[in-house]
Amino acid sequence: MENSGSLEQALQEGNILRQLNALIVAHLRHHNLSQASTMTPLNVEVSPTRLLELVAKGLAAENNGSLRGVSSSVLLPTSYGSVTNPRTASIDFSATHVKGSSKTIPKHESKQLSEHKSVVRCARFSSDGMFFATGGADTSIKLFEVPKVKQMLSGDTQARPLIRSFYDHAEPINDLDFHPRSTILVSSAKDNCIKFFDFSKTTAKRAFKVFQDTHNVRSVSFHPSGEFLLAGTDHAVPHLYDVNTYQCFLPSTFPDSGVNGAINQVRYSSTGSVYVTASKDGSIRLFDGVSAKCVRSISSAHGKAEVTSAVFTRDQRFVLSSGKDSTVKLWEIASGRMVKEYIGAKRLKLRSQAIFNDTEEFVISIDEGNNEVVTWDARTAEKVAKWPSNHNGVPRWIEHSPVEPVFVTCGTTDRSVRFWKESV
């Protein structure tokens, strides 16, 4: 019996190891990486068995449900949580691109979908692009189904894209994120709370789980495994929560920060190996996703202005940031040097973002001065398009689908949510 058990264990470990090797090969081929050492943009020490352990846990979670206490629902698409392969390969932004070779982005048009009772402060798409949610200063959260939005835009008068509304915060909503595998939407707000909503339940209006932080929670981001949640607050140090145990972890090392060290945005990279913070003190900080150590700090990234957003490229080699100095910048993670600067859009008052489109060929942001949506060629940094925002007042937030050429903008004065797609 003992030998039989050992054989079964060996076979199981061999099966996991084969799956692990297949995932590694697929990852290397997808990112055109010839050496395994190029997978990690930062020099960090990781246990040689760590990846195997994570894959084993991931396979178990995939079979048994990745978030305890959350049920699935036949009302939701069976493909929910699956990530569509990107439409283009990763771009090498460190290469020199000649001006005049810029691509042209197709013209877009927008349609108003809904209104909050006050300023719409944030929006987020699910990783598969099937849903997006918006959060308002009126403390409400609205959830939309993208296929139903498209039906409505095509003339279907019976389509109802707004499928859920949640009311459980006492103060304005700051940020949102979707669990990568479960039907969970998480929100953060000025009431110092992070709340979890199960949107598979049609009648649920309130959160089934709450994390009470000690500060105003400005931003949240799920680890790709869904087991951890990163929070940026008025505190200068990012807070990392274990989703299942409620335990909060703080970085073991952290550089000195100024009195305005509050974190405006936190975001994980595509694999979770690194995360980034954009701070009021003007710094961009990069943290190792395993040890939680701060491994790089870019001070005065936007001069003396605060950094309002920071997001990774898919290959984790670069970070795109925006600041209240009216610039958008692209940073190489390995060296900390700026490789691109996108200018020509005024941003001085609102904490608006700069984002990539789904193919990372274009950078999109808001021009406060002209109330326009502005687009640059991501490689040449040339401005290639500008469209009226169609909002009454400058939009506060812009968010792009990760899988197709659609995005949403969130209004301030008009309190509206607008959905953008390529013109027919």
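The values are calculated or read from the model by the stated rules, or taken from the named source; none is laboratory data. All figures in this text were calculated on a predicted structure; none of them were measured in a lab. Neighbour counts run over all protein chains shown; Cβ positions are idealised from the backbone, glycine included. Accessible surface is based on the protein model in full, side chains and every heavy atom, while ligands, DNA and RNA are left aside. Shrake-Rupley method; radii C 1.70, N 1.55, O 1.52, S 1.80 Å.
Rolling a 1.4 Å probe over the heavy atoms of the protein chains gives the range 137-188 an accessible area of 37 Å² per residue. Restriction of the trypsin sites (Lys or Arg not before Pro) in the range 228-304 to DSSP coil positions whose beta-carbon has at most 15 other beta-carbons within 10 angstrom yields LYS293, LYS304. Applying a threshold of 29 Å to the alpha-carbon distances of LYS349/LYS421; LYS209/LYS324; LYS329/LYS349; LYS280/LYS340 flags LYS209/LYS324 as lying beyond it. For trypsin sites (Lys or Arg not before Pro), the sites in the range 166-263 that DSSP calls loop and that have at most 15 other Cβ atoms within 10 Å are LYS201, LYS205, ARG206. Simple spin-label estimate for GLN158 and LYS293 gives 6.1 nm between the two label positions (7 Å along the Cα-to-Cβ direction from each Cα). Here the Karplus curve 6.51 cos²θ - 1.76 cosθ + 1.60, taken at θ = phi - 60°, turns the phi angles of the range 359-369 into couplings of 9, 6, 7, 9, 10, 10, 7, 10, 9, 5, x Hz, with x standing for Gly and Pro. Set the Cα radius of gyration of the range 174-259 against 2.2 N^0.38 Å, with N its number of residues, and you get 1.11. Less than 13 Å apart at the alpha-carbon level, and either on another chain or at least 8 residues along: which aspartates and glutamates does that give for LYS386? Within the straight-line cut-off, LYS386 pairs with GLU109, ASP367, GLU368, GLU372, ASP377.
Across the options SER326, VAL384, ILE398, the greatest Cα extent toward the positive end of the charge dipole of the range 278-424 (unit charges at beta carbon of Lys, Arg, Asp, Glu) belongs to SER326. Rounded to whole numbers, the Karplus 3J(HN,Hα) couplings from phi for the range 339-347 are 10, 9, 9, 10, 10, x, 9, 7, 9 Hz, using 6.51 cos²θ - 1.76 cosθ + 1.60 with θ = phi - 60°, and x at Gly and Pro. Couplings 3J(HN,Hα) of the range 109-124, computed from phi: 10, 10, 9, 6, 9, 6, 9, 9, 7, 8, 4, 8, 9, 6, 8, 7 Hz, in residue order, whole Hz [Karplus 6.51 cos²θ - 1.76 cosθ + 1.60, θ = phi - 60°; x for Gly and Pro].
The Cβ shell under 11 Å around PHE362 holds other residues with a net charge of -2, Lys and Arg each +1, Asp and Glu each -1. Take the Cα of MET338, go 7 Å toward its beta carbon, and the backbone nitrogen atoms of the range 361-376 under 19 Å from that spot belong to 363-368, 375-376. Our note on the geometry: Cα centres of the range 368-424 and the range 134-179, 18 Å apart. For LYS324, the residues whose amide H sits under 5 Å from its own are GLU306, THR308, ignoring neighbours fewer than 5 places away on the same chain, with H placed 1.01 Å from N.
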